[in-house]
Structure formats: structure tokens, C-alpha cells
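Engineer: Structure incoming, see below.
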Amino acid sequence: MAQHHHHQEPVCTHLDQIQSVTPSAQGCEECLKMGDTWVHLRMCHVCGHVGCCDSSKNTHATKHFHATQHAIMQSFQPGEDWGYCFVDQLMLDPSVFAGK
């Protein structure tokens, strides 16, 4: 049976925050200062802060969001280009970063 979508797909309302950013570090900024390790890296697409993911014990990317309210991040892992909006809790297509 065909699926009929009568409701609108959720849309991120924070795409206007996306900036062309330079990564703040090649690893998690805070973990590097602490001499600690991380699992995966995430980059803030508002200011360029690089922090560790929620699978890492320090969860610096999420802490950066709570401290700054910068809503948009992108995976900073080689070969990964997906993004995420912390506020809308939506995965973002890589195309939203094109030209940024």
C-alpha cells in the first residue's frame, strides 16, 4: 500500500545560521588541551569549533551547543559529510553546506 504524506516533513529552521567556517583544530579542541581522547569529531557550522561526539566520554560538541546555542554541526570525520541540528533534532543533508 502506498504511503501518503499529508503532513509536512519536519524542516530545520536554523539553516540561516550556517557559516563558512574554518575548523578550530584538527581534533577535539578541549580534549587536546586536556590530553584526552575522543571517538568521533563534530564541527560547529556557526563558528568552526571542533568537539567530540556523544559516543566520546567528554561530549564536547554537545556541551558547545549548550554553552553557545550554535544549532548546526557537521561530522568532521573523513568521508562523512552529514550534518545535524541540535535544536530541531534533525539530520541534515550535506547539500545544506554546499557553497558555504
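Engineer: Does residue 52 count as in contact with a Phe, Trp or Tyr (Cβ under 7 Å, 6 or more places away or on another chain), more than 26 Å from residue 98 (Cβ to Cβ) and not small (Gly, Ala, Ser)?
Structural biologist: no
Engineer: So, one more: Report those strands (runs of 3 or more DSSP E) wholly inside the range 17-100 carrying at least 2 residues which are over 12 Å from the mean Cα position of the chain (by Cα) and surrounded by fewer than 19 Cβ atoms within 10 Å (Cβ to Cβ).
Structural biologist: none
Engineer: Something else about it: What pairs can you find where one residue is in the range 79-97 and more than 15 Å from residue 65 (Cα to Cα), the other is outside any helix (DSSP H, G or I) and among the hydroxyl-bearing types (Ser, Thr, Tyr), and their Cβ atoms are less than 8 Å apart, with a gap of 6+ or different chains?
Structural biologist: Once the first residue is more than 15 Å from residue 65 (Cα to Cα) and sits in the range 79-97, its partners that are outside any helix (DSSP H, G or I) and among the hydroxyl-bearing types (Ser, Thr, Tyr) give 81/75; 82/75; 91/84; 92/84.
Engineer: Another question about this same structure. So the check is Cβ under 9 Å with 6+ separation or different chains; which pairs have a first residue in the range 45-56 that's of a type in the set (A, V, I, L, M) and a second one that's crowded, with 19+ Cβ neighbours inside 10 Å and assigned to a strand (DSSP E or B)?
Structural biologist: 46/72; 46/73; 50/41; 50/42; 50/43; 50/44
Each value in this text was obtained by applying a stated rule to the coordinates, not by laboratory testing. The structure presented is a predicted model; accordingly, all values stated were derived computationally and were not measured. In this analysis, Cβ positions are derived from the backbone assuming ideal geometry, glycine residues included, and neighbour counts consider all displayed protein chains.
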